[in-house]
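Notes to accompany the following structure.
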Amino acid sequence: MSINATAPSVHGLPGLDDPVIAYAEWRTACLGVWMAYREWTNAPKADGALAHAAYAAALDREDAAASAYSRLVLRTFGPADALVGSDAAGDSVLSDFR
């Protein structure tokens with residue numbers, strides 16, 4: 001039995017796998033933040049500083065994963081305005097969120 005290492009994209013669109021993987025990595029890092037926070041809040045006082053350091057490190061990993069995902073989405077799909085377009089008045093649909 002062999003495994004095809006060059007299988008086509010499961011999504012059928014070239015270049016879509018990288019953003020999907022980056023999203024999964026970001027969400028995994030988010031879960032790590034929640035787990036580290038729970039450990040910090042439940043840690044004995046003597047272990048509080050170490051647990052807080054682990055929580056801070058988890059936040060740093062989540063930030064790095066979020067930034068990587070953001071850069072990949074922008075590079076793959078372009079700015080959100082280009083995806084969403086404009087409303088009938090010609091204003092950006094996202095203008096309320098800036």
All positions within the stretch 23-49 that are farther than 19 Å from ALA65 by Cβ, in contact with a helix residue (DSSP H, G or I) (Cβ under 9 Å, 6 or more places away or on another chain) and hydrophobic (A, V, I, L, M, F, W, C): TRP40, ALA43
Where a residue in the stretch 70-81 is over 15 Å from ASP18 (Cα atoms) and assigned to a helix (DSSP H, G or I) and its partner, wherever it lies, is among the aromatic types (Phe, Trp, Tyr) and at pLDDT below 85, with Cβ under 7 Å and at least six apart: none
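Yes/no per residue for (1) modelled with pLDDT under 95; (2) of a type in the set (D, E, K, R); (3) in contact with a Phe, Trp or Tyr (Cβ under 9 Å, 6 or more places away or on another chain):
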site: ALA29; (1), (2), (3): no, no, no
site: TRP40; (1), (2), (3): no, no, yes
site: VAL73; (1), (2), (3): yes, no, yes
site: VAL84; (1), (2), (3): yes, no, no
Number of the exception - SER92 against (1) modelled with pLDDT of 95 or more; (2) out of contact with any Cys (no Cβ under 9 Å at 6 or more places or on another chain): (1)
Residues located in the stretch 16-32, provided they are surrounded by fewer than 17 Cβ atoms within 10 Å (Cβ to Cβ) and aliphatic (A, V, I, L, M): LEU16, VAL20, ILE21, ALA24, LEU31
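The values are calculated or read from the model by the stated rules, or taken from the named source; none is laboratory data. In this text, all values refer to a predicted model and were calculated from it rather than measured experimentally. Counting neighbours? That spans all protein chains shown, and the Cβs are built from the backbone with ideal geometry, glycine included.
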